[in-house]
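Since every read-out is calculated from the coordinates, none of them should be taken as a lab result. Keep in mind it's a predicted model, so treat the numbers as computed, not measured. As a convention, Cβ positions derive from the backbone with ideal geometry for all residues, glycine included, and neighbour counts pool all protein chains shown.
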């Protein structure tokens, strides 16, 4: 019988994710020599080399690549045992791993955490903020329980629950307050500031302006909504931001905010989780808390009794 421990499988998964012994060791909270020894013992037990080691990089061998998916399937199944045990309880408790995209997390997360702590004090909430493709991958692999993203994600293995819609607003220099709001066609002729590639919000803004096939004459990129708004305040151009970000991002910038004419550009915010997750019922309850935290309510969906205590 092959003697490989669950701990060794987790170490191997960490190495595959980080591609570096030092970073993987840090993530696993062990020393680098101890991690190297555990991987060596795993290779000896399996009778094959898992990694190509060099001074500059770390690569999986063909055997390692073939083994990796099986290892992750095992780890996901083990993690779901704990989820199954938690799902059998009447209350929400234990670890909850939540992902959020950067154009949502700074504005919605504080209220979500506050309400979850009040309603479900036994939850141990871990938050991960990163871009949508990475969140979807980590939810699918079982490294996150759920993620709050812009829909659709169209991943067959995941359940998608729409929570609420949110409009995009136009941010212009302060001296332009009260002037006519440009049409989407007019935006194509302006210096439009957008988030850098990889952000779904960038794609949504480009879609509204119909710029996918014909790029604008001048367009600058930034890594955060805060930077975009400050650039607008400096007179560099104009931008679009989601409505939930307006109060936070415009309070210290000399800008004006305006709504577009109907139909206004918007996005649908939702939650995703694995279709096989034993926590599906509990995650549906948490989705109600997220709606409440955003000041939104899904139509024709009753709010759980516990939430009514927060709304008075």
Checklist outcome for this item: Computed from the beta carbon distance with a Förster radius of 45 Å, FRET efficiency for residue 45 and residue 111 to the nearest 0.05 stands at 0.40
Checklist entry - How many nm is it between the label spots at residue 186 and residue 154, if each spot is 7 Å from the Cα in line with the beta carbon? => result 3.3
Checklist outcome for this item: If one builds a Gaussian network model of the chain from Cα atoms under 10 Å apart, the most fluctuating residue listed among 115, 167, 262 is 262
Item to check | For Cα extents along the principal axes in Å, calculated from these coordinates, the label among (1) 86, 58, 34; (2) 60, 43, 37; (3) 76, 52, 33 | outcome: (3)
Next on the checklist: Tell me the angle of helix 62-87 to the major Cα principal axis of the chain, expressed in degrees between 0 and 90 and rounded to the nearest ten.
Outcome noted: 80
Item to check | For the chain, calculated [θ]222 nm from helices alone, where every DSSP H run of n ≥ 4 adds -39500 (n - 2.57) | outcome: -13000 deg cm²/dmol
Checklist entry - Which FRET efficiency value, to the nearest 0.05, is calculated for residue 234 and residue 95 with the Förster distance at 45 angstrom and r the Cβ-Cβ distance? => result 0.55
Checklist outcome for this item: Here the gain from full extension of residue 264 to residue 125, 0.36 nm per residue of separation minus their alpha-carbon distance, amounts to 46.6 nm
Checklist entry - In whole Å, what is the distance between the alpha-carbon centres of segment 1-70 and segment 105-181? => result 33
Checklist entry - At a Förster radius of 22 Å, what calculated FRET efficiency corresponds to the Cβ-Cβ distance of residue 276 and residue 17, to the nearest 0.05? => result 0.55
Next on the checklist: For the chain, take the longest principal axis of its alpha carbons; what is the angle in degrees between that and the long axis of helix 280-293, to the nearest 10 within 0 to 90?
Outcome noted: 30
Checklist outcome for this item: For segment 1-62 the mean separation of alpha carbon contacts under 8 Å (6+ apart) over residue count, i.e. relative contact order in percent, is 32
Checklist outcome for this item: Once both label points are put 7 Å beyond Cα along the C-beta direction, the residue 254-residue 32 separation in nm becomes 5.0
Item to check | Cα long-axis angle, helix 105-119 against the chain (0 to 90 degrees, to the nearest 10) | outcome: 60
Checklist entry - Between residue 162 and residue 296, what length comes free when the chain is fully extended (0.36 nm per residue of separation minus the Cα-Cα distance, one decimal in nm)? => result 47.1 nm
Next on the checklist: Order 28-38, 198-208 from most to least packed using the mean count of other Cβ atoms within 10 Å.
Outcome noted: 198-208, 28-38
Checklist outcome for this item: Restricting to Cα pairs under 8 Å and 6 or more apart, the percent relative contact order of segment 2-133 works out to 19
Checklist entry - When the chain is fully extended, how far beyond the present Cα-Cα distance does residue 65 get from residue 284, taking 0.36 nm per residue of separation? => result 75.3 nm
Item to check | Highest to lowest packing among 237-243, 177-183, 272-278, scored as the average C-beta count within 10 Å | outcome: 237-243, 272-278, 177-183
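Among 44, 155, which comes first, second and so on when ranked by fewest other beta-carbon atoms within 10 Å?
The fewest-first ordering by Cβ neighbours comes to 44, 155.
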